[in-house]
1. Shielding of B:257-268 by partners, i.e. mean partner chain Cβ atoms within 10 Å per residue?
2. Which of the aspartates and glutamates could a cross-linker span from A:Lys36 if the Cα-Cα distance has to be under 17 Å and same-chain partners fewer than 8 positions apart are dropped?
3. I want the antiparallel fraction of DSSP beta bridges within chain C, as a percent rounded to 5.
4. Between A:His61 and B:Lys7, what's the calculated FRET efficiency when r is the beta-carbon distance and R0 is 25 Å? Round to 0.05.
5. Could you work out how far the C-alpha centroid of region C:229-263 sits from that of region C:320-339, in angstrom?
6. Can you tell me the Rg and Dmax of the protein assembly as shown, counting just the alpha carbons, in angstroms?
7. Between B:Gly163, B:Gly12, B:Gly93, which gets the highest mean-square fluctuation from a Gaussian network model of chain B, Cα cutoff 10 Å?
8. Taking R0 as 30 Å, what's the FRET efficiency between C:Val199 and C:Lys266 from their Cβ-Cβ distance, rounded to 0.05?
Amino acid sequence: MNTPRLEIIEQYCKGCSICVEFCPTNVLEMDGFLVKAIRPDACIGCMQCELRCPDFAIRVHKD
Amino acid sequence: MAFDYDKYLRPGKLPHIWCPGCGHGIVFKGLLRAIDACELEKNRTAIVSGIGCASRLPGYVDFNTLHTAHGRAAAFATGIKMAQPDMNVLVVGGDGDGVAIGGNHFIHACRRNIDMTYVILNNFIYGMTGGQFSPCTPTGDKASTTPYGNPDPTFDISKLAIGAGATFVARTTAYHATQIDKLIAEGIRHKGMAIIEVLDDCPTTYGRRNKFRSVVDMMKRFKELAVPVAKAATMSKEELEGKIVTGILHREERPEYCEQYAEVVKRAQNL
Amino acid sequence: MAKKVALLQGNEACAYGALYAGCDFFGGYPITPSTEVAEVLAKELPKTGGKFIQMEDEIAAMASVLGAALTGSKALTASSGPGISLKQELIGYACIAEIPCVIVNVMRGGPSTGMPTGPSQSDIMQARWGTHGDHAAIAVAPASCQEIFSETVRAFNLAETYRMPVQVLLDEINGHMRERIELPEPGELEILNRQAPPVSPEQYLPFDPSFGDVPPLAAFGSEYRFHITGLNKAADGFPTTKARLVDAEERRQIRKVEANRDKIEKNEEYMVDDAEILIVAIGTISRSARHAVNELRKQGQKVGLFRPITLWPFPERRIAELAGQVKAIIVPEMNLGQMILEVERVTKGACDLHGIGRVDGEPISPSQIMDKVKEVC
């Protein structure tokens, strides 16, 4: 399986950090009030970040 | 494939107005996944709300959308459904809107068992006006109008709905993201009044005043307190104290209101 | 062909007028003295496939009417005094969201619970300014059962034409009195229906000012998907706080009535040409006034009656004209001075002005009016 591709829509991100906290493989980190994918290769496509992002700011592409 | 939310969003409306960490966005996304799962036709679907943070939701979605007055969503929705029984009618709103100022409309919509799906986002507070206590604010908690702790007892929205006659009642939390769309979809498919109560976080006006360090703390608390309904059945009343029972709490078959009215029409026309 | 006639109570005539106009939805709540409107429609609407619902309260009744109207229904509610007070919240919603509907107010005494079985005309100002905020208003005030029928039809036409709530003001007397009325044949009275927007769904804006002051309203459930809010909004229906857009929308909503006064106003003038004393009265009390005019004319007094049938917008131009040709105007009304304030405003002191007010649950009698005329002369 290919590594899922994370899409972060920066203009929607409000910096709540929910995605960072619930990511089981520590892919994400806060950079001030904006989320960054610092270890994208570790993404397992579990969708925890996308499902809990209240702001439509993260999409996980698994295709 | 990532879920294509854009299919249902009105272009150019995001970012939405909700605060950082507000769970409304999580419930919103669950609602869209549920609508998609049920393949609701946009033209034949109305989404109705009252006033408050949650009630801003309809403005973002490409359906027939109606942002009504405070508390009145269920009553407007009843008029739509009665006039057009073939339309899918959904209601969204908060706890203060739904069971304080809109309490009478809420219980009577449940009693009629009119076929609609009401997603009530219970974040225990009036958020839009700055954090006054609602009928769902836990006793003892702080709000801008209960600076010494809330003296009021609370409503259990799901129990209220069951008592009032809703034929599908389910509860989950903003933490349980995948359960949100499953329960809403079940509610949409149910013929009759479906209430889906989603316990939600308001970090800005509730969390901060009540010793939650962050929105993540609030989400984790939902995770800790949630007890699936099947497990809850094996637990004592004492063990369930303070817990949040999640899942489908009540489901029954009872004549639906518009169908009952269709019978009235037949009798009036001697058919 | 002989006309079909019926002996109908005013409230019943109102209900049958609504049906004639094509009313297919009624949302109500029981209240004296308006309940017969609901009772007739509970019986008749299902026969024609229309919808009747008795809601949990007055506010909900008004809400259901607006929900139904947004799907294209011709929707009606009926109430009285305290019920109308409760509906004001959503009458305002109907104003800002521009939702056509008809509200019947069978006026009774007040304030508060007042005198449920007593007649009154004390909601004259409430019909204009009952809900908060600036808004236009249309209200009609028929006098006879025949006119209650036809004015209810016209109220629906006005609601659809100007895309707004229209109130029909009755009172406990003409709501409950029975008169012989001729039932119009289908097609005899004009019926105006809502038209689908003349643009594609992609181009449609629910408050598009390019159509003039009354933008067409699409129906929920059709292919025109749109957003409606009670917030100040822009032409696209979405909330805005931009001063220019809010101002334009607010002024358009006032203008759609102000600029069409000629089409909306309807008055009756009775023996006004040579009148030295003019009586201005509406509804039930205009009947006492007409009787008084007839009696006084027999006695050689030059008295006339001006009867606003459209109460709001108030017939200010015509009353101002008449004020220039009479010595005095007398305004008898079943309240302690509401319509007289409007007459005073528009006549600007051009003639003497006298009121007769009554709030004891009894109508103003012809002799009471005659006494006043004699006192003034």
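The values are calculated or read from the model by the stated rules, or taken from the named source; none is laboratory data. Because the structure is a prediction, the values reported are computed rather than measured. Cβ coordinates were reconstructed from backbone atoms using ideal geometry, including for glycine residues, and neighbour counts include every protein chain displayed. Protein only, heavy atoms only, side chains kept; ligands, DNA and RNA dropped before computing areas. Shrake-Rupley method; radii C 1.70, N 1.55, O 1.52, S 1.80 Å.
1. On the way: counts 1, 1, 0, 0, 4, 2, 1, 5, 8, 1, 1, 10.
Mean shielding by partner chains, rounded to a whole number: 3.
2. Here the aspartates and glutamates satisfying the reach criterion relative to A:Lys36 are A:Glu7, A:Glu10, A:Glu21, A:Glu50, A:Asp55.
3. On the way: 14 of 47 bridges.
Expressed as a percentage, antiparallel bridges in chain C total about 30.
4. Details: r = 16 Å, r/R0 = 0.63.
FRET efficiency, A:His61 to B:Lys7: 0.95.
5. 33
6. Gyration radius and largest Cα-Cα distance of the protein assembly as shown: 29.1, 105 Å.
7. Ranking B:Gly163, B:Gly12, B:Gly93 by mean-square fluctuation puts B:Gly12 first.
8. Values: r = 32 Å, r/R0 = 1.08.
Between C:Val199 and C:Lys266 the formula returns 0.40.
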